[in-house]
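These notes concern the structure reproduced below.
The values are calculated or read from the model by the stated rules, or taken from the named source; none is laboratory data. The shown structure was predicted, so the numbers you read here are calculated from the model rather than taken from an experiment. Positions of Cβ are backbone-derived with ideal geometry, glycine not excepted, and every protein chain shown enters the neighbour counts.
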Amino acid sequence: MESLTGKTALITGGSRGIGRAAALSLAAAGCNIAVNYLQSEEDAASIVHVIRQSGRRALAIRADVSQSSEVDDMIHRVQQELGPIDILVNNAGINPTRPFLELTLDDWRRTIDTNLTSAFLVSQAVLPSIRQRKWGRLIFISSIAAQTGGVIGPHYAASKAGMLGLMHSYSNLLAKEGITSNAIAPALIETEMIRDNKNIQPDLLPVGRFGLADEVADAITFLASNGYITGQTINLNGGWYMS
């Protein structure tokens with residue numbers, strides 16, 4: 001396992017839930033952290049304060065990562081304040097929930113743009129610098145919905161399945177350059193996204209409980225620390241989907 005001390009990690013959608021847990025875990029492993037957020041300014045500031053108290057550098061930065069101009073500005077600022085980005089966690093996501101036959105084109109476009117297009121835009125923006133240094137980690141937070149269809153809807157499942165294709169392509173293209181690309185496919189992690197949906201219960205899972213954001217964060221830090229694993233999806237789902 002490689003040391004992450006002094007590396008810079010950017011987590012999109014990093015102010016709450018899995019993103020927050022990932023930021024704390026990577027900071028504990030020695031990384032300086034850029035916490036991207038769109039609306040949760042107070043939450044982002046709170047986690048930056050915690051990370052700075054631990055002795056690492058941290059930055060909260062607002063950007064709509066589905067917009068290329070905002071992504072470019074975000075990357076420029078992170079590089080100015082924290083240095084070149086080494087680890088990217090593509091975590092930003094939404095899940096508009098309604099009966100599938102009532103989904104609108106706007107629901108589809110917003111979900112694809114926020115969950116999938118953002119991962120493409122941010123990855124493309126960080127890769128030139130990463131390739132120059134011959135070391136980098138791309139980590140995509142997908143979902144069991146990519147594999148089974150899930151319980152939210154076709155818009156969400158398609159966006160998360162697209163992330164796996166994106167991850168596979170980067171892994172194939174960059175494997176010889178010291179850059180790994182992997183995904184994590186969680187199921188029913190106890191975040192606001194799950195707690196607010198009363199139709200989702202933990203008895204759907206063989207283990208009989210929701211997963212914890214910290215358990216996903218452990219896998220993120222593991223992937224960041226390992227230079228041999230690439231092109232893989234870690235199924236962190238309580239036994240719901242087995243492979």
Next on the checklist: Considering only the range 197-211, I want to know if a residue exists there that is acidic (Asp, Glu), at pLDDT below 95 and either crowded, with 16+ Cβ neighbours inside 10 Å or outside any helix (DSSP H, G or I) (or both).
Outcome noted: no
Checklist entry - Restricting attention to the range 74-85, does a residue exist that is free of Cβ contacts under 8 Å to residues at least 24 places away in the same chain, over 18 Å from Ala161 (Cα atoms) and small (Gly, Ala, Ser)? => result no
Checklist entry - Given the range 53-157, what strands (runs of 3 or more DSSP E) lie entirely inside it while holding 1 or more residues that are hydroxyl-bearing (Ser, Thr, Tyr) and buried (at least 20 other Cβ atoms within 10 Å of the Cβ)? => result none
Checklist entry - Looking at (1) touching a helix residue (DSSP H, G or I) at 6+ places or on another chain (Cβ under 7 Å); (2) free of Cβ contacts under 8 Å to residues at least 60 places away in the same chain; (3) more than 21 Å from Ser225 (Cα to Cα), which is the only condition Arg131 fails? => result (3)
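A quick yes/no check of all residues on (1) farther than 24 Å from Ser142 by Cα; (2) in contact with a Phe, Trp or Tyr (Cβ under 7 Å, 6 or more places away or on another chain); (3) not hydrophobic (A, V, I, L, M, F, W, C):
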position: Gly14; (1), (2), (3): no, yes, yes
position: Ala34; (1), (2), (3): no, no, no
position: Ala44; (1), (2), (3): no, yes, no
position: Val48; (1), (2), (3): yes, no, no
position: Gln53; (1), (2), (3): yes, no, yes
position: Ile61; (1), (2), (3): no, no, no
position: Asp73; (1), (2), (3): yes, no, yes
position: His76; (1), (2), (3): yes, no, yes
position: Gln80; (1), (2), (3): yes, no, yes
Item to check | Residue within the range 180-191 that is surrounded by fewer than 14 Cβ atoms within 10 Å (Cβ to Cβ) and of a type in the set (D, E, K, R) present | outcome: no
Checklist outcome for this item: Those residues of the range 7-25 that are closer than 21 Å to Ala125 by Cβ, more than 11 Å from the chain's Cα centre (by Cα) and of a type in the set (S, T, N, Q) come to a total of 2
Checklist entry - Residue check: is Thr221 in contact with a strand residue (DSSP E or B) (Cβ under 7 Å, 6 or more places away or on another chain) and modelled with pLDDT of 95 or more? => result no
Checklist entry - How about the range 70-112: which of its residues are within 20 Å of the chain's Cα centre (by Cα) and basic (Lys, Arg)? => result Arg77, Arg109, Arg110
Next on the checklist: Looking at Asp64, Asp73, Asp106 in this structure, which one is modelled with pLDDT of 95 or more, of a type outside the set (Phe, Trp, Tyr), farther than 21 Å from Thr180 by Cβ and touching a helix residue (DSSP H, G or I) at 6+ places or on another chain (Cβ under 7 Å)?
Outcome noted: Asp64
Checklist entry - Is it the case that the range 18-25 has a residue that's buried (at least 16 other Cβ atoms within 10 Å of the Cβ), assigned to a loop (DSSP other than H, G, I, E, B) and of a type outside the set (S, T, N, Q)? => result no
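For (1) among the hydroxyl-bearing types (Ser, Thr, Tyr); (2) in contact with an Asp or Glu (Cβ under 8 Å, 6 or more places away or on another chain); (3) at pLDDT 95 or above, each residue gets a yes or a no:
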residue	(1), (2), (3)
Ser40	yes, no, no
Ala44	no, no, yes
Ile94	no, no, no
Arg98	no, yes, no
